[in-house]
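Take a look at the structure set out below.
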Amino acid sequence: MLRDFLEMGGYAAYVWSSYAVVLVVLVGMLIASLTAMRARDRELKTLEERVGGRRQRRNQGRVEEMANDA
């Protein structure tokens, strides 16, 4: 019975190779997506560090202005 299922009525070569191709494509897409996500995370971190430094300086200047006004 299991053998009949695995032979797929004589079309096993086509069926199982199709499953293999789909599996390879899906794994490739997963790897590409994870790689791109990590690259975007690194890019975001770099941008946040640049902008964060500016924001800290800007906020520090405002705090000093408030202290001088008080």
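Summary table
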quantity: Pair D69, Y11: separation of 7 Å Cα→Cβ label points (nm); calculated: 7.7 nm
quantity: Net length gained if the chain between L2 and T35 were fully extended (0.36 nm per residue, minus Cα distance); calculated: 8.0 nm
quantity: L26/E49 FRET efficiency (R0 35 Å; Cβ-Cβ; nearest 0.05); calculated: 0.50
quantity: Lys, Arg +1 and Asp, Glu -1 on Cβ, resulting dipole of the range 2-69 about Cα centre, debye, nearest 20; calculated: 320 debye
quantity: Least to most buried among L2, L26 (fewest other Cβ within 10 Å first); calculated: L2, L26
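Bear in mind that the values in this text are calculations on the coordinates, not laboratory data. Note that the structure is predicted; figures quoted are calculated from it, not measured. Neighbour counts run over all protein chains shown; Cβ positions are idealised from the backbone, glycine included.
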